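One structure is given here, and the rest of the page talks about it.
The values are calculated or read from the model by the stated rules, or taken from the named source; none is laboratory data. As the structure is a prediction and not an experimental result, all values here were calculated from the model. Ideal geometry is used to build each Cβ from the backbone, glycine not excepted, and the neighbour counts take in all protein chains shown.
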Amino acid sequence: DVKVTQSSRYLVKRTGEKVFLECVQDMDHENMFWYRQDPGLGLRLIYFSYDVKMKEKGDIPEGYSVSREKKERFSLILESASTNQTSMYLCASSPLDRRSGNTIYFGEGSWLTVV
Amino acid sequence: AQSVTQLGSHVSVSEGALVLLRCNYSSSVPPYLFWYVQYPNQGLQLLLKYTTGATLVKGINGFEAEFKKSETSFHLTKPSAHMSDAAEYFCAVSPTSYDKVIFGPGTSLSVIP
């Protein structure tokens, strides 16, 4: 089974803190993603990466950055956390394989509260 | 631009009743289509997907969906709802296997005993 592991399920951080959300996948997938999920807004793509050291902005990149130094690991960074970044963050991965039909595999999510 | 519409942000059904969750998409080409389920406090899990071939797709937990190109729809059904089906359901579309996947806003399913 594909496993996408997010290092922290629940975090509470203070406004202005630098926050790191870590994600590791064990299936050698080329693509990795960070989404944010908020009630009534569904899933919104923050950043994605299709290769090591490569990244592209998603729909809502402001206030976030990412790092992908190794293929299996994709980190989301909040440079200076703000209360409007309180949310559920979902990491995901997918293979670069036409046969998979672009299937995305998700981690269990990280609940971040900024106070 | 691609988009996905899910009719009804909340759907309630009685246990044992038919489940019907609606999904319509906009795409200029026959797309890849997905249904994901999210149980409380968990990530999303793939229920089923349509890539090519047979338009009626069977998934896990007794769910199925039918791709209707003429209606640009991919509705999700289950003949008999179970309490454990209570969850959030997301429809998603990707124009090709190399394009971004676009998610719908989600439908919350409640099952009444």
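Just one residue in the set A:75, A:93, A:110, A:80 is under 12 Å from the mean Cα position of the chain (by Cα) and more than 14 Å from chain B (Cβ to nearest Cβ); that residue is A:75. Just one of (1) surrounded by 18 or more Cβ atoms within 10 Å (Cβ to Cβ); (2) touching a residue at least 24 places away in the same chain (Cβ under 8 Å) fails for residue B:49. It is (2). A single entry from B:87, B:92, B:17, B:81 fulfils the requirement of being closer than 23 Å to residue A:92 by Cβ and modelled with pLDDT of 95 or more: B:87. In this structure, does residue A:17 turn out to be within 14 Å of chain B (Cβ to nearest Cβ), outside any strand (DSSP E or B) and modelled with pLDDT of 90 or more? No. The residues of segment A:25-72 that are away from every other protein chain (no Cβ under 14 Å) and either assigned to a strand (DSSP E or B) or crowded, with 20+ Cβ neighbours inside 10 Å (or both), listed by number, are A:64, A:65, A:66, A:67, A:68, A:69, A:70.
Output the number of the condition that residue B:54 fails; it satisfies all remaining conditions of (1) at pLDDT below 90; (2) within 11 Å of chain A (Cβ to nearest Cβ). Failing condition for residue B:54: (2). Only one of the numbered conditions (1) within 11 Å of chain A (Cβ to nearest Cβ); (2) more than 10 Å from the chain's Cα centre (by Cα); (3) of a type in the set (Ser, Thr, Tyr) is not met by residue B:80, and that is (1).
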